[in-house]
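Please treat every number below as a calculation from the coordinates, not as lab data. Predicted, not measured: the structure shown is a model, and the values here were computed from it. Cβ: placed from backbone, ideal geometry, glycine included. Neighbour counts: every protein chain shown.
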Amino acid sequence: MGTVLDRVGHRIGRYLSRPVANDFLTPPTPPEVLLRTLLPGDVLLVEGNTRISGIIKYLTQSTWSHAALYVGNALADRADTPSQAFIEADIVEGVRAVSIDEFAGLPSRICRPSGINQEDLQAVLRFAIERLGHQYDLRNIIDLGRYLFPTPPVPQRFRRRMLTLGSGDPTRAICSTLIAQAFQSVRYPILPERIVRPGGAADCPDCVEEALRLRHYSLFAPRDFDVSPYFAIIKPGTATAARYRELVWADRSGTGLA
């Protein structure tokens, strides 16, 4: 029975991973420009072009459907791995290392953890690297089947919980779960919950204090890194913005306004 479920699950997974026609709202950044801008620990958000990408965008009401963690040359000493690598979680292939070519032609956004110290940053990278090779439990075809409907009729407040896939660890539906786990392993905040608890002061029994609580990693979506106040948005194009007068415009002759 397990073999049958494996086969059915992989077929559904491959179906959901197939690319479909998509009209992107933003232009893609050239890969070489991305690599010049990225730093290890950056989270690259991607507007994917697969069937499951469209469903994730619908469920999260966001442009971004995929996330990958840039680890730079941390895997350079391993065979068959890119010299400048990203770690991502793929629904069929599982947790793997890929090159920038995987995201060529797709709109993207760089989210950089602000102020993280080097010790914690290295711990985040190690956490992700140690999970290379982890696979999804594609036997849970009931969970997979939920993604066969592009716009499931689910109230918006319940949509995020549909992103959890399967019942075992490391079985997760989307890549952002792995990255959220990595950052939260060093208690670097993404979108923590704020709670009020007793202050505990002996001279003020009624005092309260505000504290943070980590959200469960399975509830994170790619857009959370975009809206998090703890991640800076890095736009590669701003490096050339100061030379805007040199741009070539189709309705003007010459090489610019200068």
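Points to keep in mind about this one:
- Distant-in-sequence amide contacts of residue 230, defined by a placed amide H-H separation under 5 Å and a gap of 5 or more residues or a different chain, comprise nothing.
- Surrounding net charge for residue 54, when Lys and Arg each add one and Asp and Glu each subtract one, Cβ distance under 12 Å: +1
- Other residues whose C-beta falls under 15 angstrom from the C-beta of residue 25 contribute a net charge of 0, scoring Lys and Arg +1 and Asp and Glu -1.
- Overall shape: oblate for segment 44-118, with the ratio a/c of the largest to smallest alpha carbon gyration tensor axis at 1.5 or above and b/c at least equal to a/b.
- For segment 54-128, the residue among 65, 91, 128 whose Cα projects farthest onto the positive side of the dipole built from Cβ charges is 65.
- 12 Å beta-carbon shell around residue 14, net charge (K/R +1, D/E -1): +2
- The ranking of 175, 207 from fewest to most other beta carbons within 10 Å of each one's beta carbon is 207, 175.
- Peptide packing: for 180-191, 223-234, the average count of neighbouring Cβ atoms within 10 Å per residue gives the ranking 180-191, 223-234, highest mean first.
- Using a Förster distance of 30 Å, the FRET efficiency for residue 234-residue 14 (Cβ separation, nearest 0.05): 0.35
- Pairwise FRET efficiency - residue 241 versus residue 135, Cβ, R0 = 35 Å, nearest 0.05: 0.20
- For the listed peptides 46-55, 240-249, 118-127, a ranking on the average number of other beta carbons within 10 Å per residue, highest first, reads 46-55, 118-127, 240-249.
- Legend: calculated FRET efficiency, residue 196 to residue 58, from the Cβ-Cβ distance at R0 = 45 Å, rounded to 0.05, equals 0.85.
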